[in-house]
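Just so it is clear, none of the values below were taken in a lab; they were calculated from the coordinates. What you are looking at is a predicted structure, and each value in this text was computed from that prediction instead of being measured. FYI the Cβ positions are ideal-geometry reconstructions off the backbone, even for glycines, and counts take in every protein chain you see.
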Amino acid sequence: MVKPSLFLWGVAEITAASRSPLSLSLISHRAPSERLLFWAPSKMSCRIAQIHKVSSHSEVYEPCDDSFALVDALLADRTNLLEHKPTLCLELGCGSGYVITSLALMLGELPGVHYIATDVNLHAVRVTRETLQAHNVHADVIATDLASGLDSRLAGLVDVIVVNPPYVPTPDDEVGQEGITSAWAGGVDGRAVIDRILPVVDKLLSDRGWFYMVTLTSNNPLQICRQMKAGGYASRIVVQRSTEEESLHIIKFWRDSGDPMCKKETATLKKTSSGKVMDSVLSQIHRLPFWKKVESND
Amino acid sequence: MRLLTHNMLSSNIKGVINGFPLGIVVEKVIEKPVEMNPDFLKNMFAKIEWKALVDASRSMGYTELPEQADSSMLDSVDFLQRFHHALLELHLEEGALVCPETGRKFPVNKGIPNMLLHEDEV
Ligand SMILES: C[S@@+](CC[C@H](N)C(=O)[O-])C[C@H]1O[C@@H](n2cnc3c(N)ncnc32)[C@H](O)[C@@H]1O
C-alpha cells in the first residue's frame, strides 16, 4: 500500500505464450492496464479499467500494487466468475473505483448483473462514479460505513464481494480518521477494519457467494482463513505477490457446504494446483514465519 | 441510484426499528435505458419488496406499476417491461432519502446517497 515509485518494464518479458490472464498476473508487478495497453490494446483494453481514465482526488486512494493484485486475482478467476453468473456484486471501500469498474468490465458480457460500491470517504464515492462513467459501466455508489444500511435487506443476496481493506498496521487511534488516512490505517496488525468486515461479509454473502480480499502478511492471513473456516468457509490464495515493501495475498472465500459450486471450486483448485500460485491457503501459509506465533495464539 | 438499490437500503440510525423503506424526496430523476434481461428480473422478483418499489417509482413520477404483483405475472412481457423500467432505468440523481421512523434526511447528490451517520446516531 505504497505508491509505486518507478514503473518496472517487466512487460517486455511478456510474450505471446503468456496470454492467459493468470500467467500475466504471475509475471507482472505493476499496473495491469498499463501493461495491457502495451501488450494487446484492442482486445484487452476493454476488459479492465484504464489507468488514464481513472478519476482522482488528493484525498482518495490511487490504484496501487494492492489494487492491481486484486484486479489480477479477479482476472485470474474470470472464467469461473463468468460461469458462476453472479446477480449482485458488491465492493466495500471502492476508493478510486478502479476495482469495481474493472469487475464490471471483465464481466461485461454477462447480462443482468447489478453492482453496488460503498466507501466511507465522500470524495471517494464521487471519484468512483466518475471512473465508472468514464468507462461506460454502471454501479450504484453509496457513501456509508462498510455496508451499513444495506445489511438487513441484502442479507444472503450478494454473490460476489470484493474488498481491498485498509490493512497497514498502525496504532488503533489512526483508524477511521477523515480523508486519505482511512484508506490504509488498519490498527493493530492491520486487523481493525478487516475484523469488522468479516461478519458483514458473512451476513451478506449468498449461499453460493464468493468473497475476495487483499491481505498483508502482518494481517495474519492464516488466522483469518482459520477463523473463516470455523464459520464454514473454504479458502484459497488466488494471487500472491511480493513487492519491495510488502507481501500480499489475495484470498478467495466461499461457503464450504458441499454444493456443486463448492465442488467446482475444489475441482478448480486441483486443476491448477500444479501451477505456482494455486496452492491451498493453509499449505502455503504454513511455511510463513508467523506460523509458530499463530499456533501459540490459538 | 437505481430503485433496485433503494429497495435494498434501510435507515441505519441507531435505535431505529422500522427503517424500511426510505421515503424519497425528488429534485432530479434521470432515465437511462438499459437492455432488459428477463432472467435477471425473474431472479430479482422474489427479493424485491413490491410495495416499496411501487411507492418509490411513484415518487419518481412513474405510475405504471400494478399495486399488487405475483410471480405468475412474470410471464407477461408488458409486466416485465414496466418492472424493468422501474427497477433499473429510473435513477434518483438529486434529492434525499427519508428515514420512515425519524424523518432524518439522507442527501443524494450526483446519484450517490450519503448514509454516513452523525456521532450521536451510531
Ligand atoms: C486500500 S483503499 C482501496 C481502494 C480501492 N478499492 C482500490 O483497491 O484501489 C481502502 C478504501 O476503503 C475505504 N474505507 C476505509 N474504511 C472504510 C469503512 N469503514 N467503510 C467503507 N469504506 C472504508 C477507504 O476510504 C479507501 O477508499
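Residues of segment B:54-76 include none that is within 9 Å of chain A (Cβ to nearest Cβ) and either part of a strand (DSSP E or B) or among the charged types (D, E, K, R) (or both). Residues in segment B:27-41 that are part of a loop (DSSP other than H, G, I, E, B), within 9 Å of chain A (Cβ to nearest Cβ) and loosely packed, with under 15 Cβ neighbours inside 10 Å: B:32, B:34, B:35. For the criterion of being assigned to a helix (DSSP H, G or I), more than 14 Å from chain A (Cβ to nearest Cβ) and surrounded by 13 or more Cβ atoms within 10 Å (Cβ to Cβ), residue B:44 fails. Taking the criterion of being on the phi > 0 side of the Ramachandran plot and either assigned to a strand (DSSP E or B) or under 15 Å from the mean Cα position of the chain (by Cα) (or both), no residue of segment A:220-252 qualifies.
Among the residues of segment A:103-112, just one is crowded, with 23+ Cβ neighbours inside 10 Å and within 14 Å of another protein chain (Cβ to nearest Cβ), namely A:104.
Of the residues making up segment B:85-107, one or more are more than 11 Å from chain A (Cβ to nearest Cβ), touching a helix residue (DSSP H, G or I) at 6+ places or on another chain (Cβ under 7 Å), in a helix (DSSP H, G or I) and closer than 17 Å to residue B:42 by Cα.
The C-beta contact set for segment A:175-200 (first residue within 14 Å of chain B (Cβ to nearest Cβ), second residue within 10 Å of the ligand (Cβ to nearest atom) and part of a helix (DSSP H, G or I), distance under 9 angstrom, 6+ apart or interchain) comprises A:176/A:182; A:176/A:192; A:176/A:193; A:179/A:123; A:182/A:193. Mind checking whether some residue in segment A:125-135 is over 21 Å from residue B:35 (Cβ atoms), surrounded by fewer than 24 Cβ atoms within 10 Å (Cβ to Cβ), within 14 Å of chain B (Cβ to nearest Cβ) and within 9 Å of the ligand (Cβ to nearest atom)? For segment A:125-135, residues over 21 Å from residue B:35 (Cβ atoms), surrounded by fewer than 24 Cβ atoms within 10 Å (Cβ to Cβ), within 14 Å of chain B (Cβ to nearest Cβ) and within 9 Å of the ligand (Cβ to nearest atom): absent. Among the residues examined, residue A:126 qualifies as more than 14 Å from the chain's Cα centre (by Cα) and among the charged types (D, E, K, R). Checking each residue in segment A:119-139 for being under 24 Å from residue A:199 (Cβ atoms) and outside any helix (DSSP H, G or I) picks out A:119, A:120, A:121, A:139. Checking each residue in segment B:32-78 for being of a type in the set (A, V, I, L, M), out of contact with any Leu (no Cβ under 8 Å at 6 or more places or on another chain) and more than 21 Å from residue A:140 (Cβ to Cβ) picks out B:69, B:73, B:77. Checking each residue in segment B:6-26 for being free of Cβ contacts under 8 Å to residues at least 24 places away in the same chain and either more than 10 Å from chain A (Cβ to nearest Cβ) or surrounded by fewer than 20 Cβ atoms within 10 Å (Cβ to Cβ) (or both) picks out only B:15.
Go over the candidates A:116, A:142, A:161, A:100 one by one and state the one that is more than 13 Å from chain B (Cβ to nearest Cβ), under 30 Å from residue B:17 (Cα atoms) and not in a loop (DSSP other than H, G, I, E, B). That would be A:161, the only listed residue that is more than 13 Å from chain B (Cβ to nearest Cβ), under 30 Å from residue B:17 (Cα atoms) and not in a loop (DSSP other than H, G, I, E, B).
Residue count for segment A:63-97 under the criterion of being within 16 Å of the ligand (Cβ to nearest atom), within 12 Å of chain B (Cβ to nearest Cβ) and either part of a loop (DSSP other than H, G, I, E, B) or surrounded by fewer than 22 Cβ atoms within 10 Å (Cβ to Cβ) (or both): the result is 2.
Residues checked against (1) among the acidic types (Asp, Glu); (2) within 24 Å of residue A:206 (Cα to Cα):
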| position | (1), (2) |
| --- | --- |
| A:64 | no, no |
| A:84 | no, yes |
| A:93 | no, yes |
| A:113 | no, yes |
| A:119 | yes, yes |
